[in-house]
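Working notes, structure below.
The values are calculated or read from the model by the stated rules, or taken from the named source; none is laboratory data. Just so you know, these numbers come straight off a predicted model, no measurement behind them. Here the Cβ is made from the backbone with ideal geometry for all residues, glycine too, and neighbour counts use every protein chain on show.
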Amino acid sequence: MNWRLIIVIFSMLFTSVFAHEEEFIPISDEGLILPQTAEIKPTTAATTDEQMPAMPQEQGYPLKAPYEMGYSLPARIDVQGSWDLYLVTNFIYWQPKQQNMSYSQLTYSSYANDRAEDFDLSYHYQPGLQVGLGTNLPHDDWNLFFQYTWLNVNHSEAKGIANGNTLVNFWLAASNANAASTSRVTAHWRLSTHLMDLVITRPYYQGKYVIIKPYAGLRSALLDQKYHLKYTISGYEIPSFFKQDTWAIGPRLGLDSSCLLGCGFAINAGAAYNLLYQHFTVNETQANSGNPSILFIKIRKGLSQLTSNPQAYLALGWGSYFDEQYWHFHLDLRYDFQVFFDQNQMKSLLSSTSNPQVADKVGNLFYQGLTVSVRFDF
C-alpha cells in the first residue's frame with residue numbers, strides 16, 4: 001500500500017475524532033498538509049444611538065442616552081466600591097392634632113340667647129426625629145429600608161370664668177359635674193408617637209427625567225396618650241384622668257416619584273396607605289366633686305379595630321455624587337401630612353348616660369408639618 005495513502009487515511013481519522021469543526025486541517029490530494037487561511041469574521045459596526053449603551057454613570061439622575069424598550073431601568077443611588085448602605089436622618093417639626101379634645105364650654109349669661117364658646121387645646125408644632133437605615137440588595141437592584149419616627153407632645157391649657165358665666169365640664173360624668181359652681185379648668189395632654197416602617201422597593205426610570213419608586217412592607221405603631229384635667233368646683237380641684245395605650249401593625253403600600261430638574265435638583269412627591277390592626281387599652285379615673293378624696297369613677301376598657309392610616313408629602317430635593325461616585329449626599333425639604341382615623345377612644349368611656357354632650361364623639365389624629373431630610377450613601 002502506498003505510504004502516502006496510509007498517511008492520508010490516518011490524518012482523516014485523527015482529525016475527525018479529536019478536532020473541532022473550526023480546527024479542521026486541510027490536506028491535498030498528495031497527502032500534504034496545506035497552510036490554513038485565517039477565518040474572516042464579520043466586523044461589528046460601531047455602537048449607534050439605537051443600540052443599548054452601558055449603564056449611566058450617575059444612577060438616579062437624568063439619563064444621558066436612550067435604553068432598550070421593555071425594561072424598567074433601575075434608578076436607585078448606586079455608589080462605587082460601596083458597602084451598599086445608606087443612612088437617613090430627618091428633623092421633623094410637626095403639629096399633632098386630635099379631634100374632640102375640647103375640655104370645657106363657656107356660656108355667657110350676659111347674652112339673651114346664651115352664647116357659648118368651646119375651649120379646645122392650642123395645638124403647637126413640636127420637634128421630633130426620624131432615623132433610617134437602608135441597604136442595596138444584590139438581586140435586580142432592590143432596596144430594603146427601615147425607618148423609626150419619634151415625636152413627643154405636651155400641651156397645657158387653663159381657663160377661668162367671671163361675672164356669673166357658666167363652665168360646662170366635658171370630661172366629668174354628668175352626675176359628678178356642677179357647672180354652676182365650676183370656676184376654673186386646666187387641661188394637660190401628652191402624646192407619645194413611635195412609628196416603625198420596613199419596606200422593600202425598586203426605583204426605576206419612567207423616561208429620562210422621571211423616577212418611580214413603588215414599595216411595600218409593614219408599619220407598626222405605638223401611640224400613647226394621657227389627658228389630665230382639673231375642674232375647680234366650690235373651691236375643690238376635681239381631677240379627671242384619662243390614659244390610652246395602643247399598639248398597631250399592618251401592611252404598608254406606597255409610591256414615591258421624582259421629577260428631575262437638572263443640576264441635582266428634583267421635585268419629589270409620594271403617598272402611602274397603611275391598614276393597621278390596632279388594640280386600645282383605655283383608663284378613666286375621676287374624683288368625687290363633693291369630696292376629692294373619694295374615688296367616683298375608675299374604668300378600664302379594651303377594644304380593637306382596623307385603622308386606616310393614609311399619608312402624603314411634597315418635597316424639593318437636591319443631591320450629588322462625590323469623590324468619583326464613591327459617596328452620595330441628598331437633601332430634601334418637604335411637607336408631610338398623615339391621619340390615623342378613630343383614635344380618640346377616651347371619649348368612648350363617657351357614655352350617653354354619664355355625659356350626653358360628649359358621648360360617642362371619637363375623633364381622628366392628624367399630623368402635619370415640615371421635614372428636613374438628609375441621606376448619605378456609602
**Request:** Identify the residue in region 199-219 that is charged (D, E, K, R) and more than 15 Å from Ile77 (Cβ to Cβ) and, among all such residues, is modelled with the highest pLDDT.
**Result:** Arg219
**Asked** Within the set of pairs 6 or more residues apart or between chains, which connect a residue that is closer than 25 Å to Tyr313 by Cβ inside region 93-108 to a residue that is surrounded by fewer than 19 Cβ atoms within 10 Å (Cβ to Cβ) and among the basic types (Lys, Arg) with Cβ atoms less than 9 Å apart?
**Response** Gln99/Lys361
**Request:** Just need a number here: residues in region 299-321 that are buried (at least 18 other Cβ atoms within 10 Å of the Cβ), touching a Leu at 6+ places or on another chain (Cβ under 9 Å) and closer than 15 Å to Gln343 by Cβ.
**Result:** 2
**Complete:** When every residue in region 292-314 that is touching a residue at least 40 places away in the same chain (Cβ under 8 Å) and farther than 24 Å from Leu255 by Cα is compared, the one farthest from the chain's Cα centre (by Cα) is Pro292
**Message:** Among the residues in region 183-194, are any modelled with pLDDT under 95, outside any strand (DSSP E or B) and surrounded by fewer than 17 Cβ atoms within 10 Å (Cβ to Cβ)?
**Reply:** no
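Does any residue of region 283-298 turn out to be within 23 Å of Gly363 (Cβ to Cβ) and surrounded by fewer than 16 Cβ atoms within 10 Å (Cβ to Cβ)?
Going through region 283-298, the residues within 23 Å of Gly363 (Cβ to Cβ) turn out to be 283-286, 297.
Now drop any that are not surrounded by fewer than 16 Cβ atoms within 10 Å (Cβ to Cβ), which leaves none.
Looking through region 283-298, none of the residues is within 23 Å of Gly363 (Cβ to Cβ) and surrounded by fewer than 16 Cβ atoms within 10 Å (Cβ to Cβ).
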**Asked** Just a yes or no: is a residue in region 144-152 touching a residue at least 24 places away in the same chain (Cβ under 8 Å), over 24 Å from Val372 (Cβ atoms), among the hydroxyl-bearing types (Ser, Thr, Tyr) and assigned by TED's automatic domain parsing to the domain that holds His330?
**Response** no
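Kindly evaluate Ser308 against the criterion of being touching a strand residue (DSSP E or B) at 6+ places or on another chain (Cβ under 7 Å) and assigned to a strand (DSSP E or B).
Details: touching a strand residue (DSSP E or B) at 6+ places or on another chain (Cβ under 7 Å): yes; assigned to a strand (DSSP E or B): yes.
Judged against the criteria, Ser308 is a match.
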**Message:** For region 219-248, give me each residue that is exposed (fewer than 15 other Cβ atoms within 10 Å of the Cβ) and under 30 Å from Leu144 (Cβ atoms).
**Reply:** Leu222
**Asked** Which residue, of Asp336, Asp342, is assigned by TED's automatic domain parsing to the domain that holds Leu218, part of a loop (DSSP other than H, G, I, E, B) and within 26 Å of Ala248 (Cα to Cα)?
**Response** Asp342
**Fill in**
Conditions (1) β-branched (Val, Ile, Thr); (2) surrounded by 14 or more Cβ atoms within 10 Å (Cβ to Cβ); (3) modelled with pLDDT under 90 -> Thr353 fails only (2)
**Message:** Suppose we filter region 256-268 for residues that are surrounded by 15 or more Cβ atoms within 10 Å (Cβ to Cβ) and aliphatic (A, V, I, L, M); how many remain?
**Reply:** 2
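Among the residues that make up region 225-242, is at least one of them of a type in the set (A, V, I, L, M), part of a strand (DSSP E or B) and modelled with pLDDT of 95 or more?
Here is the first cut: in region 225-242, the residues of a type in the set (A, V, I, L, M) are 229, 233, 238.
Those still in the list that are part of a strand (DSSP E or B) too: 229, 233, 238.
Remaining after also requiring modelled with pLDDT of 95 or more: none.
No, there is no match, as no residue in region 225-242 is of a type in the set (A, V, I, L, M), part of a strand (DSSP E or B) and modelled with pLDDT of 95 or more.
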